[in-house]
Amino acid sequence: MDPVPQTRPRTQPALRRAPVQQRSAERLARILDACAVLLDETGYEQLSTRAVAARAGVPIGSVYRFFGNKRAMVAALAHRNLDRYAERVSDRLAGTPILDAHGAIDGVLDEFIEMKRTVPGFALVDFGVPAAAPGEAAQDGPAEGQAEAAAEDPNRLVAERICALLATHLGRVADEGLHRKVLVGVETADALVRLAFRADPAGDPALVAETRCLLHAYLAPSLA
């Protein structure tokens, strides 16, 4: 069995300045950690760069060193979430090499649900930024990076990463047909998992089970 690759997204978050030194990278991580915690506490609309700076214990200028506004900051958090999700799925597949198509699908779904339950900010911002409210840019700094964040299709980015991981693990070619199947599966799972977490803060077990059955029926034949 070939090792499962650590795939990287084609679209990277637009930072005003990428961290070069370890100290700068640690400061960026603290900013994103604070952003995630505040998303759970206040929601996206009430989130502000100033509040994130205060929670992270950094000057407001440090936030604007990396991000033009809160939307760009949340977009970077969403990219980090995707990287961490892909790492979790990759580790799970690599750690259980005898998984069949059903088991691999379970791993992809279970890691997503576990992050929804346990990762700060993930319930509100998983892999994409909420729709912008009117006047958002004016309230929270310049619109630099906002167009790039809005232009992304988060579920396509997720599908690209997951398709590569599943294809490698199961010895399949990640062709156009499989990409399309995985994209439909991602879109469907996204909608149904959101429904499950609206019904129950921990994810309604019956709705999660229905989601699992649907993904098995739809995706497993293409992965076998």
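The values are calculated or read from the model by the stated rules, or taken from the named source; none is laboratory data. Computed from a prediction, not measured in an experiment: that's the story for all the values here. Every residue, glycine as well, gets a Cβ built from its backbone with ideal geometry; the counts of neighbours run over all protein chains shown. Surface accessibility is based on the protein's heavy atoms, side chains included, excluding ligands, DNA and RNA. Shrake-Rupley method; radii C 1.70, N 1.55, O 1.52, S 1.80 Å.
Summary table below
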{"quantity": "So Gly61, is it open to solvent by 10 Å² or more (accessible area, probe 1.4 Å), among the small types (Gly, Ala, Ser) and over 24 Å from Arg156 (Cα atoms)", "calculated": "yes"}
{"quantity": "Residue that is at pLDDT below 95, assigned to a helix (DSSP H, G or I) and open to solvent by 90 Å² or more (accessible area, probe 1.4 Å), where the choices are Arg23, Arg50, Arg16", "calculated": "Arg23"}
{"quantity": "Among residues of region 196-217, those that are part of a helix (DSSP H, G or I) and surrounded by fewer than 15 Cβ atoms within 10 Å (Cβ to Cβ), counted", "calculated": "9"}
{"quantity": "Pairs where the first residue, in region 70-89, is on the phi < 0 side of the Ramachandran plot and the second is of a type in the set (S, T, N, Q) and modelled with pLDDT of 95 or more, C-beta under 7 Å, 6+ apart", "calculated": "Lys70/Ser48; Lys70/Thr49; Met73/Thr49"}
{"quantity": "Ala159 open to solvent by 20 Å² or more (accessible area, probe 1.4 Å) and hydrophobic (A, V, I, L, M, F, W, C)", "calculated": "no"}
{"quantity": "Check on Gly103, out of contact with any helix residue (DSSP H, G or I) (no Cβ under 6 Å at 6 or more places or on another chain) and assigned to a helix (DSSP H, G or I)", "calculated": "yes"}
{"quantity": "Residue list for region 85-102, filter: among the small types (Gly, Ala, Ser), over 17 Å from the mean Cα position of the chain (by Cα) and closer than 27 Å to Pro120 by Cβ", "calculated": "Ala94, Gly95"}
{"quantity": "Residue within region 78-100 that is open to solvent by less than 30 Å² (accessible area, probe 1.4 Å), among the polar types (S, T, N, Q) and farther than 25 Å from Arg212 by Cα present", "calculated": "no"}
